[in-house]
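The values are calculated or read from the model by the stated rules, or taken from the named source; none is laboratory data. Everything numeric in this text was worked out from a predicted model, so none of it was measured. Heads up, the Cβs are rebuilt from the backbone with ideal geometry, glycines too, and the neighbour counts pull from every protein chain shown.
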């Protein structure tokens with residue numbers, strides 16, 4: 001169990017980066033705040049379960065990514081009508097960054113978990129395959145296969161969503 005001082009030190013050191021990560025993925029200060037709070041609360045409550053297989057910053061980076069993806073999926077399910085009001089229909093050529101952001105979150109919601117995670121690391125964060133492999137705990141060759149599956153999935157979505 002961590003002391004209050006240790007929790008405060010860890011939070012001050014890692015929360016700003018975790019918040020930037022969450023806000024970039026979610027596009028909302030309030031949602032990012034909630035995610036960071038939840039991730040740190042879980043970490044502090046179960047710190048003894050942190051195995052140290054990676055650095056704490058890598059662990060938090062991954063935990064925030066997962067929490068954001070879950071929030072995107074849950075929010076999407078609960079609030080589908082509100083999102084549809086923001087974007088009148090599917091768009092193959094988003095005209096504004098708000099539309100592009102909504103469409104990106106829509107795509108992440110529909111992707112299988114592992115591919116959604118790779119999509120964020122590869123396209124949003126622009127990490128290398130080796131960096132992604134380090135976060136996921138797999139080989140860079142496996143990451144290359146996941147990126148290819150992601151590309152195939154995206155091409156299929158484009159064919160079905162955006163007819164010529």
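For the stretch 37-52, enumerate the residues that are outside any helix (DSSP H, G or I) and either touching a helix residue (DSSP H, G or I) at 6+ places or on another chain (Cβ under 8 Å) or outside the structural domain of residue 4 (by TED's automatic domain parsing) (or both). Show your work before the answer.
Step one: list which residues in the stretch 37-52 are outside any helix (DSSP H, G or I), which gives 46, 50-52.
Result: 50, single match.
Taking the conditions exactly as written (in a helix (DSSP H, G or I), within 20 Å of the chain's Cα centre (by Cα) and without any contact (Cβ under 8 Å) to a residue 40 or more places away in the chain), does residue 22 satisfy them or not? Talk me through it step by step, then tell me what you get.
Values: in a helix (DSSP H, G or I): yes; within 20 Å of the chain's Cα centre (by Cα): yes; without any contact (Cβ under 8 Å) to a residue 40 or more places away in the chain: no.
No; evaluated as a whole, the condition is false for this residue.
Would you mind stating whether residue 29 is crowded, with 16+ Cβ neighbours inside 10 Å and within 16 Å of the chain's Cα centre (by Cα)? Working first, answer last.
Values: crowded, with 16+ Cβ neighbours inside 10 Å: no; within 16 Å of the chain's Cα centre (by Cα): yes.
No, not satisfied.
I'm trying to understand the selection: among the residues of the stretch 53-63, which are touching a residue at least 40 places away in the same chain (Cβ under 8 Å), loosely packed, with under 14 Cβ neighbours inside 10 Å and assigned to a loop (DSSP other than H, G, I, E, B)?
53
So residue 66 ticks every box in (1) surrounded by 13 or more Cβ atoms within 10 Å (Cβ to Cβ); (2) at pLDDT below 90 but one. Which box is left unticked?
Residue 66 satisfies all of (1) surrounded by 13 or more Cβ atoms within 10 Å (Cβ to Cβ); (2) at pLDDT below 90 except (2).
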